[in-house]
Amino acid sequence: RKTPISTPLDYETFLTKNLTILENDSQRDLLLFPRDDVTEQSVLAEERTFVPTVTDEHVKEAKWLLTQEALKLYSSPFRILTFNYAQFAGDFNRTNESDSDLPQLLYEIDLAAADEERDLVDCLNRQEVVKEGFLLLAPDAGLLDNFK
């Protein structure tokens with residue numbers, strides 16, 4: 001049996017239909033974009049000459065629609081959209097790099113492994129002879145002679 005194909009959700013239609021529900025919802029910040037996220041600016045293009053290169057007469061004299069649209073586009077002021085919350089968005093790894101002032105997390109198992117490693121290095125650096133084992137005291141004759 002094939003899995004049913006679901007139709008994608010039209011976000012704008014969903015918002016317009018459920019606007020009253022979303023305005024009263026306590027979790028509306030999860031669905032709605034912040035109202036102050038986008039700001040728009042108009043910036044005039046820098047003129048490199050004293051006489052403008054494209055005037056309104058040039059646009060009117062142009063015969064082709066493509067030429068007229070191109071002249072309007074390149075002679076109109078630029079519109080810049082700035083996303084105010086862009087610094088909080090992005091890849092998790094990239095945002096994690098900016099938190100380099102946080103101390104590194106230390107776990108008990110890592111500390112125990114580091115202690116064992118330090119003890120091992122200390123033992124290797126010492127030149128002492130370490131004797132380990134059991135000492136068996138037995139009489140001179142008797143018990144051990146039977147095993148020969």
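Just so you know, all these numbers are worked out from the coordinates, no wet-lab data involved. Here the structure is a predicted model, which is why all the values come from computation and not from measurement. Backbone-built Cβ (ideal geometry, glycine too); neighbour counts: all protein chains shown.
Annotations for the structure displayed:
- Other residues with beta-carbon under 15 Å from the beta-carbon of Phe83 carry, at +1 per Lys or Arg and -1 per Asp or Glu, a net charge of -1.
- The modelled label-to-label distance between Phe83 and Thr13, using points 7 Å beyond Cα along the C-beta direction, is 2.5 nm.
- Residue-span extension gain [Lys60 to Leu44] - 0.36 nm each, minus C-alpha spacing: 3.6 nm
- With 0.36 nm allotted per residue and the present C-alpha distance subtracted, the Leu105-Asp25 stretch has 25.1 nm of extension available.
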